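The values are calculated or read from the model by the stated rules, or taken from the named source; none is laboratory data. Everything numeric in this text was worked out from a predicted model, so none of it was measured. Backbone-built Cβ (ideal geometry, glycine too); neighbour counts: all protein chains shown.
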Amino acid sequence: MSSRAQTALLVALICALFGSIASALADEPAKAPRAPDAILNQYCNVCHLTGWNGAPLSGDANDWQTRLSTGFDSLFKNAKQGINNMPPMGTCQDCTDAELQAAIRKMLP
């Protein structure tokens, strides 16, 4: 077999392999987003129900007023990146942006 034919065969095999992998991944069902309460209970409430380490209390307008003055996008960015004593994503490393945003909105007054 010529080197050109070998190269073509190799390329075809690689394409078939990647096609199989892509097909298998596409067949996986999408995960349903978790409810905000589930995120809050598992990750957020340990700090936001007690004010531990300076966390703003869930539903407390006075605690959230300054943070909300910069807008929700800024608040979300800080939660995602981490700020002060809050770790990135509030420790919910597998939260989607939508899940994290919903959990934050649920804590707001």
Within the stretch 42-68, which residues are surrounded by fewer than 18 Cβ atoms within 10 Å (Cβ to Cβ) and under 15 Å from D94 (Cα atoms)? Q42
For E99, the lone unmet condition from (1) modelled with pLDDT under 90; (2) in a helix (DSSP H, G or I); (3) among the acidic types (D, E) is (1)
